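Novice: Please find one structure pasted underneath; my questions will follow.
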Amino acid sequence: MGVGVIDPVDEITDDTEPSNPELMDFLVSEMIRLDFNLKEFMRIIFHTRTYQRQVTYAGYDPAEPYYFPGPVLRRMTAEQVWDSLLKLSIKSPEAFLRPDDSEYIAALDLDGDASKDEILAVLKKVPEAQTAMNQEERTQRYQNVTLRRASELQQPLPAAHFLRQFGQSDREIISEGSTEGTVPQLLALFNGPITHMMLEAGSVIYTEVDQAAGITNRVRIIFLSILGRMPTSDEMSVASSEIRESKAAGYGNVIWALLNTREFLFIQ
Amino acid sequence: MQFSNNEDLSRRAFVQSIAKSCLGVSLLGGLESVASAASASGSSKSNKRMIYLFMQGAMSQLDTFDPKPDSKMQGPTGVIQTKIPGVQFSEHLPKLAASADKLAVIRSMNSSTGAHGPGQYLMRTNYREIASTVHPGWGSWMHKVHGRMHQSLPASVQVGGGQGPGYLGTAYAPVPVGDPNKGLENTKSPDYMTNSLFDRRMKLAGTFDRSFRSRTSGNREVSGYDELYRDAIGLLRSKDLAAFDVMAESEQVREKYGNSKLGRGCLLARRLIEHGVRFVEVGYGSWDHHSDLVQNMTERGAALDQALSALLEDLEQRGLLEDTLVVVGTEFGRKPKMNERAGRDHHPAAYSCVLAGGGIQAGQVYGETDDDAFYADMDPVSVEDFNATIGTVLDLPIRKEFYSPSGRPFTIAHDGDPIKEII
């Protein structure tokens, strides 16, 4: 929803007041009924009309009570931005997993009373397992960026990583993640390696556009892929004339332009 | 060295045209803040700048600026004499000890919280975290009150963490840099991307974004992107972008600051400040020494000693120290009695912070702790006093009321009083 019934989250002290006590009581009773099954709890929330309603475009004012007319308009989390871009770039990103570390674990899994020979054998196996993992890791890279979904990347990521730029937590203290916009985020969308990759032959969106016939169809595919909606007739005519004028490069210009809209970054 | 009016007219004309045609913002409605930056957001003539070195994790007072050689709590850390008669630092800070005449060391800091997140928030904003309001940090205050010094470089930059603009809004947001070695990334466009192609694409983006923008008019988070786009494009075309590049310095200079993240951060801060950025925060983490104090302090202490002494020397040499307040802050101190893991635990009752430059009274120690550095005994300094002191040195109106969007009044000093002996 983008706003908590207790917001920001606290440790529920004697002074804590939920914004809507009846709603809070109901959610508590549901949570108990489900025996704290979070997945089931979320499934119920996702099926409510409240959750499925259109977002509140005006945003959330922490000084005013929020009556949950629908979710609050909010920017995608760092992980959502990253996974969205990945999805437009490589086929089935969900197939790319962390390199298998079972050999590495086996190498380290020594008994406390291991003999000297056993320890020496492990010492040899650990670097080998590490090398194998590094090699596999390298096959999933583009311009030094590992192309795996956010949940398959190690955390904390280096401070300069795309995910960290977009506000992923540094894992030093809790609640460090953020969805605030910054200048480096825009620079990454203008010029970053992920944007480049998307415009190159072989990317998912490139291939989809390439295989479709006719400008109208192709523009619809681009809008659906990036914004999840059809273009309006005005947008269709602007995009079409851009493509007629710039030829093939025009598709790249339209894709780039849509990635650099606010509409792409916000969840409606 | 140039601080203003050093942007050529063609860039200014470009920014104006692109904002008008693509971003849907009227020229008078704020674009002037890039086109004639100095006057748009702040009207002050103050030349003050600030570099905030924030030691995240809580830096030990006994093992840095407030050693107690006569106490059995001192533990394994030795002490050395400083340039100020009768004042000693820990053995980890030899260079700073030799230049202690440039420092004002506050030994009687005390905080009201012993948790990292809330403690850092309080230090950076002078307020406790509350549900309804997010408070701004120093960079945003300086931007708001004094304005920018440079037309295309940001007013404030954070290297490795810091506080956002809070209720002052995105227009006053600092630009974050993750890795000081890499500076600001993605500023180089691919070869085929000429300026006119970039403009063409931005114009398309502006058209496609129109309906969303009209649906979200009045949403502060979305409208905040207007400023971000302006700043990002201004930066891309700035001829002073090299300010972000520490590799433009000779290896000898980089060595002088040290290869630590703090060393590189301080070098980046010095470059940014001399090019006209008002505020730079450099965060340096891992001071949470619950265990292995000796090993940890040897490494962290040396990094701080080298980076800060190099920074002060360079600022002084360039004639910038008088206008640039350098602050070493941390969220609280560490418990004098060492724990069973040879570390020290959290201790908000007493800790040390350091000020230098900015025209303060340097070469002094303010406040005292008891024999074990447990309580701030003499002239205790609250976080609010500390921040009121900083605000005063920065020429900020510390008692003036500023209103959050919900109409609540706040002052920079909050409940604090500036330390007269330092300002």
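Novice: In a Gaussian network model over chain A where Cα atoms closer than 10 Å are linked, find which of A:F41, A:F96, A:F223 has the largest mean-square fluctuation.
Specialist: The residue that fluctuates most here is A:F41.
Novice: Determine, for each peptide in B:286-296, B:174-184, the mean count of other beta carbons within 10 angstrom over its residues, then list the peptides with the highest first.
Specialist: B:174-184, B:286-296
Novice: Please list, ordered by chain and number, the residues whose modelled amide H lies under 5 Å from the amide H of B:M50; skip anything fewer than 5 residues away on the same chain.
Specialist: B:F279, B:V280, B:L325
Novice: If you don't mind, there's one more thing I want to ask. Go through region B:120-134 residue by residue and turn each phi into a ³J(HN,Hα) via Karplus (6.51, -1.76, 1.60, θ = phi - 60°); whole Hz please, and just put x for glycine and proline.
Specialist: 5, 4, 4, 4, 7, 10, 6, 10, 6, 4, 10, 5, 8, 9, 9
Novice: To continue, here is another question. Can you compute the modelled spin-label distance between B:K239 and B:M193, with each label point 7 Å from Cα toward Cβ, in nm?
Specialist: 2.2 nm
Novice: Defining a contact as two alpha carbons under 8 Å apart and six or more residues distant in sequence, what relative contact order in percent does chain B show?
Specialist: The normalised contact order for chain B reaches 27 percent.
Novice: Mind ranking A:113-123, A:19-29 by how tightly packed they are, going by the mean number of other C-beta atoms within 10 angstrom, highest first?
Specialist: A:19-29, A:113-123
Novice: Now for a separate question. What FRET efficiency would be calculated for the residue pair A:T216, B:E251, taking the C-beta separation as r and a Förster radius of 45 Å, to the nearest 0.05?
Specialist: It comes to 0.20.
Novice: What value, in deg cm²/dmol to 500, does the helix sum -39500 (n - 2.57) over DSSP H runs of n ≥ 4 give at 222 nm once divided by the residues of chain A?
Specialist: After summing the helix terms and dividing by residue count, I get -15000 deg cm²/dmol.
Novice: Assuming 0.36 nm per residue, please report the length gained on full extension of the stretch B:Q361 to B:E401 beyond their Cα-Cα distance.
Specialist: Fully extending the segment from B:Q361 to B:E401 adds 11.6 nm.
Novice: Now for a different question. Could you give the nm distance between label points at A:F46 and A:R141, where each point is 7 Å from its Cα heading toward the beta carbon?
Specialist: Placing both labels 7 Å along Cα→Cβ, they lie 3.5 nm apart.
Novice: If you don't mind, another one. Say each of A:E200 and A:S233 gets a label point 7 Å from the Cα, pointing the same way as Cα to Cβ; how far apart are those two points in nm?
Specialist: Here the modelled spin labels are 4.1 nm apart.
Novice: Averaged across B:242-253, how many Cβ atoms of other chains sit within 10 Å of each residue's Cβ atom?
Specialist: If you average over the peptide's residues, the count of other-chain Cβ atoms is 0.
Novice: Something else now. With chain B treated as a Gaussian network of Cα nodes joined by springs under 10 Å, which of B:G367, B:G319, B:G407 yields the largest mean-square fluctuation?
Specialist: Of the options given, B:G407 has the highest mean-square fluctuation.
Novice: By its C-alpha gyration tensor, with a ≥ b ≥ c as the square roots of the eigenvalues, how is region A:97-139 shaped: rounded for a/c under 1.5, else prolate for a/b larger than b/c, else oblate?
Specialist: Oblate shape, in that a/c is at least 1.5 and b/c is the bigger or equal ratio.
Novice: Next question. Highest mean first, what order results for A:243-256, B:93-106 on Cβ atoms within 10 Å?
Specialist: Highest-to-lowest ranking by the protection proxy: B:93-106, A:243-256.
Novice: Continuing with this model, one more query. Taking only Cα atoms, what is the 0 to 90° angle, nearest 10, from helix B:293-317's long axis to the longest principal axis of chain B?
Specialist: The angle comes out near 60 degrees.
Novice: Please report the net charge: other residues with Cβ closer than 13 Å to the Cβ of B:S140, K and R +1, D and E -1.
Specialist: In short, +1.
Novice: Further question on the same structure: When a footprinting reagent is the concern and you count Cβ atoms within 10 Å, what order do B:V326, B:V365 take, fewest first?
Specialist: B:V365, B:V326
Novice: Related question: Which lysines does B:K182 reach when only Cα atoms under 25 Å apart count, and residues fewer than 8 places away in its own chain are ignored?
Specialist: Candidates past the 8-residue exclusion: B:K239, B:K256, B:K261.
Novice: Within region A:132-152, find all residues whose amide N lies under 14 Å from a label point positioned 7 Å from the Cα of A:R98 along Cα-to-beta-carbon.
Specialist: Output list for this probe position: A:133-134, A:137, A:148-152.
Novice: Cα-based Rg (one decimal) and Dmax (whole number) for the protein assembly as shown, in Å?
Specialist: Calculated on Cα positions, Rg and Dmax stand at 27.0, 85 Å.
Novice: On to the next question. Which number do you get for Rg(Cα) / (2.2 N^0.38 Å) in region A:1-102?
Specialist: 1.39
Novice: If you look for lysine pairs in chain A that are eight or more places apart or on different chains, how many of them have Cα atoms under 28 Å apart?
Specialist: So the count works out to 6.
Novice: For B:G357, which sequence-distant residues (separation of 5 or more, or a different chain) have an amide H within less than 5 Å of its own amide H, given hydrogens modelled in the peptide plane?
Specialist: B:V326
Novice: Now for a different question. What FRET efficiency comes out for the pair A:Q154/B:S214, r = Cβ-Cβ distance, R0 = 41 Å, nearest 0.05?
Specialist: The value I calculate is 0.50.
Novice: For the Cα atoms of chain B, what angle does the longest principal axis make with the long axis of helix B:383-393, in degrees from 0 to 90, nearest 10?
Specialist: The angle comes out near 60 degrees.
Novice: Report, largest value first, the span of the C-alpha coordinates of chain B along each principal axis, in whole Å.
Specialist: Extents along the principal axes: 71, 50, 39 Å.
Novice: Provide a whole-number value for the mean count of partner chain Cβ atoms within 10 Å of the Cβ atoms in peptide B:195-206.
Specialist: 5
Novice: Now a separate question. Of the listed pairs B:K45/B:K144; B:K68/B:K335; B:K45/B:K420; B:K102/B:K400, which have alpha-carbon separations greater than 19 Å here?
Specialist: B:K45/B:K420; B:K102/B:K400
Novice: Where the centre of each part is set by its Cα atoms, how far does region B:57-76 sit from region B:234-278, in angstrom?
Specialist: After rounding, the separation between the Cα centres reads 33 Å.
Novice: Please check: in the Gaussian network model of chain B (C-alpha springs, under 10 Å), which one of B:T194, B:T324, B:T125 has the largest mean-square fluctuation.
Specialist: B:T194
Novice: Then there's this: Per residue of B:88-100, count partner chain C-beta atoms within 10 Å of its C-beta, then hand back the mean as an integer.
Specialist: 0
Novice: Report, for chain B, the % of DSSP beta bridges that are antiparallel, rounded to 5.
Specialist: Taking every DSSP beta bridge with both residues in chain B, the antiparallel ones total about 40 percent.
Novice: Taking only the alpha-carbon positions of region B:254-362 and ignoring solvent, what does the Debye formula give for the base-10 log of I(q)/I(0) at q = 0.16, 0.21, 0.22 Å⁻¹?
Specialist: -0.78, -1.13, -1.19
Novice: Now, a different point. Using Cα-Cα distances under 8 Å and only pairs 6 or more residues apart, what relative contact order does chain A have, in percent?
Specialist: Worked out over chain A, it gives 17 percent.
Values in this text are rule-based calculations from the coordinates and carry no lab data. Computed from a predicted structure; not experimentally measured. FYI the Cβ positions are ideal-geometry reconstructions off the backbone, even for glycines, and counts take in every protein chain you see.
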